[in-house]
Every structure is written in structure tokens, then in C-alpha cells.
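Each remark here refers to the structure printed beneath this line.
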Amino acid sequence: MELFQNSQAAYRVYADGSCDNKGNGGWAAIIVSEDRSIELSGSVMNTSNNRMELTAVLEGLAALPDSAQDITVISDSQYVVTGAVFASWWRDHDWQSRRGGKVRYIEMWQRFLALVSGNRLVRTLWCKGHAGIVLNELCDKLAKKERDKLIMTGKCSSTRRTVPGSGISKDRTVILSGAGMPAAIAGL
């Protein structure tokens with residue numbers, strides 16, 4: 001089933017992760033296109049916050065149509081945004097960091113590079129968390145909900161929900177209302 005009507009449209013992927021100190025994690029991604037948005041979320045045991053932040057991005061990118069070319073990933077994770085910049089460099093240097101240590105989560109970064117390859121123009125933008133950027137706040141809430149559901153039930157889960165008629169034209173005003181947001185996001 002095709003999730004989006006116009007696969008050539010511009011897409012925004014908001015992503016966030018959450019993890020408690022016992023390794024119970026949740027992730028969420030909200031994909032926004034011209035005509036709709038889709039909320040994805042899930043939970044994982046024995047994980048870390050950085051893994052959940054990156055999982056949210058990967059799941060969001062994986063849900064896009066193969067023909068999607070204009071993609072903006074928006075995350076409050078410095079780890080994800082910085083990693084997206086360095087992933088190709090790490091790959092080209094045998095997954096060694098600039099400081100000489102081995103990069104963590106190599107398989108996930110390899111998947112990231114595969115998902116952004118080809119003719120795709122993918123931008124990653126950092127946004128300040130808990131700063132009133134509505135879709136980032138919603139991702140945070142969904143990720144924590146999945147994490148809390150895991151804690152209560154002991155079972156991992158995943159959820160997908162389509163919201164018709166809530167596309168980019170409506171999203172623009174939501175983004176611009178965020179306080180403390182970087183200029184890069186204000187230019188969307």
C-alpha cells in the first residue's frame with residue numbers, strides 16, 4: 001500500500017527517541033508530506049537513548065516511498081544530526097571516529113547511508129527539544145508513551161497512524177511557532 005499520494009513531494013521527518021536508565025526505550029517519527037502526515041512509533045528493550053534517536057530517523061526514512069527525493073529530517077538529537085554529517089566519512093575510514101575510536105551502532109549508520117543514497121536530497125536539521133516545536137513535542141510524547149507501554153507490559157510494540165489533511169501547508173505555521181529554534185528551521 002502506497003502511504004503517500006504524491007511520491008515526488010517534499011517530506012519532513014520529525015524524529016525523537018526516549019530511554020530510561022534500565023534500557024527500556026521508545027522511538028517516534030512523524031512524516032509530513034503535502035497531503036497527510038503519518039505517525040510511526042515503537043519500543044525496544046535493552047537499548048540506549050542514542051539508539052532510540054537513530055531508530056526513529058531510520059524508521060521514518062524507511063517509510064518514505066523509494067522515489068522520495070526532497071527530505072528534511074528534524075531531530076533534537078545532536079548525536080543524530082552530527083552523525084548524519086559524518087556517516088560517509090566514518091564509512092570511508094573503516095568506521096573509525098576522528099578521535100580514533102570505533103563508531104558505535106555501525107549497522108544503524110550503514111542502514112542510514114543506504115536509506116539516503118541515490119538521487120535523494122536529505123537535509124538534517126537540529127531543533128531544540130522542549131522548545132514548543134509542536135511536531136517535535138508530539139514525537140517526544142509518542143516515544144515516551146511507547147517506552148512506558150513497554151515498561152507496563154514487558155512487550156515491545158509498534159504503531160502506525162495516518163492523519164489525512166495535515167500536510168506541509170498546515171505544518172509551516174506549526175514549525176515557525178517554536179521558540180529558540182535555529183535559523184535553518186525557520187527558513188523551511
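Using a 10 Å cut-off around each Cβ, can you sort Asp94, Asp76, Asp16, Asp35 from fewest to most neighbouring Cβ atoms?
On the way: Asp94 9, Asp76 22, Asp16 31, Asp35 15.
With the sparsest Cβ surroundings first, the list reads Asp94, Asp35, Asp76, Asp16.
What does the charge count near Ser75 come to, summing +1 for each Lys or Arg and -1 for each Asp or Glu among other residues with Cβ under 9 Å from its Cβ?
-3
Please give the Cα centre distance for segment 19-81 versus segment 114-161, rounded to the nearest Å.
4
With a 10 Å Cβ neighbour count serving as the proxy for reagent exposure, in which order, fewest first, do Ser18, Ser48 appear?
Working: Ser18 24, Ser48 15.
Fewest-to-most Cβ neighbours within 10 Å comes out as Ser48, Ser18.
Work through the residues other than Ser157 whose Cβ is under 12 Å from its Cβ and net out their charges, Lys, Arg +1 and Asp, Glu -1.
+3
Take the Cα gyration tensor of segment 10-186, multiply each eigenvalue by 5, square-root it, and list the three semi-axes largest first, rounded to whole angstrom.
Listed largest to smallest, the semi-axes of segment 10-186 are 23, 21, 16 Å.
For Asp20 paired with Asp148, estimate the spin-label separation in nm (one decimal), with each label point 7 Å from Cα along the Cα-to-Cβ line.
1.1
Quick note: the coordinates plus some simple rules give every number you see, no bench work behind them. This structure is a prediction, so every number in the text was calculated from the model and none was measured. Positions of Cβ are generated from backbone atoms using ideal geometry, with glycine treated the same way; all protein chains shown enter the neighbour counts.
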